[in-house]
1. Taking the conditions exactly as written (surrounded by fewer than 24 Cβ atoms within 10 Å (Cβ to Cβ) and within 21 Å of residue 203 (Cβ to Cβ)), does residue 141 satisfy them or not?
2. Within region 93-109, take every residue that is in a helix (DSSP H, G or I) and at pLDDT 95 or above and give me the one that is surrounded by the fewest Cβ atoms within 10 Å (Cβ to Cβ).
3. Here is a check on your reading of the model: is residue 69 surrounded by fewer than 19 Cβ atoms within 10 Å (Cβ to Cβ), touching a strand residue (DSSP E or B) at 6+ places or on another chain (Cβ under 9 Å) and under 20 Å from residue 207 (Cα atoms)?
4. Which of the residues belonging to region 18-51 are farther than 21 Å from residue 76 by Cβ and assigned to a helix (DSSP H, G or I)?
5. Among the listed residues 19, 35, identify the single one that is within 26 Å of the chain's Cα centre (by Cα), over 30 Å from residue 145 (Cα atoms) and not assigned by TED's automatic domain parsing to the domain that holds residue 115.
6. Could you name every one of the strands (runs of 3 or more DSSP E) located completely within region 228-276 that has at least 3 residues being under 15 Å from residue 183 (Cα atoms) and at pLDDT 95 or above?
């Protein structure tokens, strides 16, 4: 079979499920199976597919039609211009989270902590972009920490990123001038309505805390007093309807300059706040 014919057929098969992403998913499968560059995939319409490559492609397509996320089929996904390994122990990095990274990079920082790091996409990206910084990545899942450590090594920041297994601040020592997190914030009712690619393949605990979708924010803010340097920043990802509630928690915790930031789609996505400087205390 020619590459172009496979791409056309696969795009049509995936379209009812993947919508506008169908053609892109087909191209990503072809790249992974063939080892071809994006440029070659774009022009390889008349190239014949090797039988071994075609067999692999058909196996990948079958997995995708079973609603397995493409990121897990490929074993990696792009975030902020870098490729990150992902497994069933981690969330797939989403473009929405890049809003948090961009805000974090808007000011200098020397020491950062990423609470609930998952694949490590946030922590690794921040250290890769700020070569003089160091950080700590925390997660309750040992499997997630193994993936995050592999991603830190992949992107050359392993020597500057420590890993701690624990529930939020458990086991964490020291202070930080940047605290970031993409915590579980999906309500139990919202979770049940999500696509099977999410509910059947990604770790539930990383998406929803259960009955109280604000519980993770309370836990994060509960450790800010002991671990944030004066003048430091706190940034968390939120659900689109949670801006006002999370901002109120930030203010009640004593943070200043609290703001709700929008993502590329114009939806509330990040709440930020600043720890009072030493001169503001007392």
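1. yes
2. Taking the candidates together, the pick is 102.
3. no
4. Answer for region 18-51, where residues must be farther than 21 Å from residue 76 by Cβ and assigned to a helix (DSSP H, G or I): 19, 20, 43, 51.
5. 19
6. 228-237, 268-274
Rundown of residues vs (1) in contact with a strand residue (DSSP E or B) (Cβ under 6 Å, 6 or more places away or on another chain); (2) surrounded by fewer than 21 Cβ atoms within 10 Å (Cβ to Cβ), yes/no style:
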position	(1), (2)
232	yes, no
236	yes, no
240	yes, yes
246	yes, no
252	no, yes
255	yes, no
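Conditions tested, residue by residue: (1) within 11 Å of residue 197 (Cα to Cα); (2) out of contact with any helix residue (DSSP H, G or I) (no Cβ under 6 Å at 6 or more places or on another chain); (3) not assigned by TED's automatic domain parsing to the domain that holds residue 122.
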residue: 62; (1), (2), (3): no, yes, yes
residue: 80; (1), (2), (3): no, no, no
residue: 85; (1), (2), (3): no, no, no
residue: 89; (1), (2), (3): no, no, no
residue: 92; (1), (2), (3): yes, no, no
residue: 98; (1), (2), (3): no, yes, no
residue: 101; (1), (2), (3): no, no, no
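The values are calculated or read from the model by the stated rules, or taken from the named source; none is laboratory data. Worth saying up front: this structure is predicted, and the values here are computed from it rather than measured. Don't worry about glycine lacking a Cβ; one is built from the backbone with ideal geometry, like all the others, and counts go over all protein chains shown.
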